[in-house]
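Please treat every number below as a calculation from the coordinates, not as lab data. These numbers were taken from a predicted model, which means no experiment stands behind them. Please note: Cβ atoms are built from the backbone with ideal geometry, for glycine as well, and neighbour counts cover all protein chains shown.
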């Protein structure tokens, strides 16, 4: 029973972790749970209210549904440490992106016009 519980679904790989090792750990957990379920030993695996994922729907129910909790500690910490929402920051980011896109388009047009001028100049010579 300890073997099953040590594989909790609280999977959150670290950026420095080996990708293949992380994937194999997840597959191992999935295979063990599948085998347990196949043999009718579901009572060994602890089912969670709302499933094993922090979906948008599940997270919105936290607070209104007493049984609903975060499934992943990393997601809970990220939400709790998000800071205060400031729409000015959001708008500034959008404006900056829009300006960068417009600037890139102008540079591309100017580069194309310059290329055409150079091509015409080489034809005249």
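Label positions at residue 32 and residue 47, each projected 7 Å from the Cα along the C-beta direction, are separated by 2.1 nm.
Pull out the extension gain between residue 64 and residue 108, defined as 0.36 nm times the separation in residues minus the alpha carbon to alpha carbon distance; nm, one decimal.
10.6 nm
With labels modelled as points extended 7 Å from the Cα through the Cβ direction, what inter-label distance (nm, one decimal) is found for residue 82 paired with residue 120? A separation of 5.4 nm, rounded to one decimal place.
What shape does segment 51-125 have by the C-alpha gyration tensor, where a ≥ b ≥ c are the square roots of the eigenvalues, rounded means a/c under 1.5, and otherwise prolate means a/b greater than b/c and oblate the rest? The partial results should precede the final answer.
Values: a/c = 6.04, a/b = 3.64, b/c = 1.66.
In terms of gyration-tensor shape, prolate.
Using R0 = 30 Å, the C-beta based FRET efficiency linking residue 94 and residue 17 works out to 0.35.
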